[in-house]
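Rule-based calculations on the coordinates, nothing more; no lab input. Bear in mind the structure is a predicted one, so any value in this text is a computation, not a measurement. Positions of Cβ are generated from backbone atoms using ideal geometry, with glycine treated the same way; all protein chains shown enter the neighbour counts.
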Amino acid sequence: MAGTQPRPLVAGNWKMNGTTAHLREPRLLAAMLRDVKLRCEVLVCPPATLARRVKAVMKGSRIRIGGQDCHTAVSGAHTGDISAEMLKDAGCTAAIVGHSERRTNHGETDATVRAKAAAAHRAGLTAIVCIGETLEERKSGKTLAVVSKQLEGSLPEGTTPANTVIAYEPVWAIGTGLTPTTAEVAEVHTHIRKELGKAVGENAAAMRILYGGSVKPSNAQELMSADNVNGALVGGASLKAADFIGIIKAYA
């Protein structure tokens, strides 16, 4: 890992996957990590329906639980939504906000993401704020401008390294098997670090910036070694304990 950087985080986003039958995977993961000396934190973000049960099967392990989204309000007439306080009550310590699938499929704007991040902070959760460009934006040379705009618009007042993690996920790499080169990842992460200076000042050096987008055991070591990469936000590969631990061991 390059330089003196904050303690890495490897977070698994199960997305809309998992039923009771899938509980064997987090149980297996906890067992596999029991005797591994880790240099990173590990977080699993299952569907909200499984949060308590995943936490229960991993009881006694070092793995934390997170949510995949949260509403801006504490409570109210918001059928189907889940508040940050509800996630906290279910045992979560973090919430992903602004994932590209939420931005695209649900029309979430930077302002929406900012409000959700603020809600996570209000509930005492770490907000994992996602940003990233589309393939068209990358081909047009707009990557750095896009992530700058999203970062500026998505971070609420009071953002600190203690309550916020940034996740850079190039939209074109999510679930496609495509990944940017290590140099491309380093360029964007270094730019994000610089831009964070405008938001959190000297605390920018302590902010964790995760890379996400087709991270798997075969490329984790290389991607995690890039400058200013402090871990990974993992999608599909987090659903299988054997794959997820292969990524986590980039920090073993």
### Query
Along its principal axes, what span do the Cα atoms of the stretch 42-180 show, with the longest given first and each in whole Å?
46, 32, 30
### Task
Report the normalised scattering of the stretch 114-223 as log10 I(q)/I(0) at q = 0.11, 0.13, 0.23 Å⁻¹, calculated by the Debye formula with identical scatterers on the alpha carbons.
-0.34, -0.48, -1.29
### Task
Let me have the 222 nm mean residue ellipticity of the chain computed from DSSP H runs of 4+ only, each contributing -39500 (n - 2.57), with the sum over all residues rounded to the nearest 500.
-10500 deg cm²/dmol
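Could you line up Arg34, Arg103 from fewest to most neighbouring Cβ atoms inside 10 Å? Write down the numbers at each step before the final one.
Working: Arg34 10, Arg103 20.
So the ranking, lowest neighbour count to highest, is Arg34, Arg103.
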### Message
Binning at 5 angstrom from zero up to the longest distance, how are the C-alpha pair distances of the stretch 1-47 distributed in percent?
### Response
5, 16, 24, 22, 14, 11, 5, 2, 1
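Mind jotting down a quarter of the surface of the convex hull over the alpha carbons of the chain, in square nanometres, one decimal? Working shown, then result.
Values: hull surface 49.6 nm².
Projected over every direction and averaged, the Cα hull of the chain covers 12.4 nm².
What's the whole-number percent of alpha carbon pairs in the stretch 5-96 lying beyond 23 angstrom? Don't jump to the answer; show the numbers that get you there.
On the way: 1044 of 4186 pairs.
That fraction is 25 percent.
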## Note on the structure
Computed curve, the stretch 211-252, Cα-only Debye sum without solvent term, log₁₀ I(q)/I(0) at 0.22 Å⁻¹, is -0.60
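What ranking, highest mean first, results for peptides 65-76, 118-129 when packing means the other Cβ atoms within 10 Å averaged over each residue? All intermediate terms of the calculation are to be shown ahead of the outcome.
Values: 65-76: 19.2, 118-129: 23.0.
Averaged packing, sorted descending, gives the order 118-129, 65-76.
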## Note on the structure
Expressed as a whole-number percentage, the relative contact order of the chain with C-alpha contacts under 8 angstrom and at least six residues apart is 23 percent
### Message
Neighbour counts of other C-beta atoms within 10 Å: give me Glu195, Glu152 arranged from fewest to most.
### Response
Glu152, Glu195
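With r as the distance between the Cβ atoms of Gln221 and Thr176 and R0 = 25 Å, compute the FRET efficiency 1/(1 + (r/R0)^6) and round to 0.05. Don't skip to the end; give the middle numbers.
Numbers: r = 21 Å, r/R0 = 0.82.
For Thr176 and Gln221, the calculated efficiency is 0.75.
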### Query
Cα centroids of the stretch 22-66 and the stretch 186-209: how far apart, whole angstrom?
29 Å
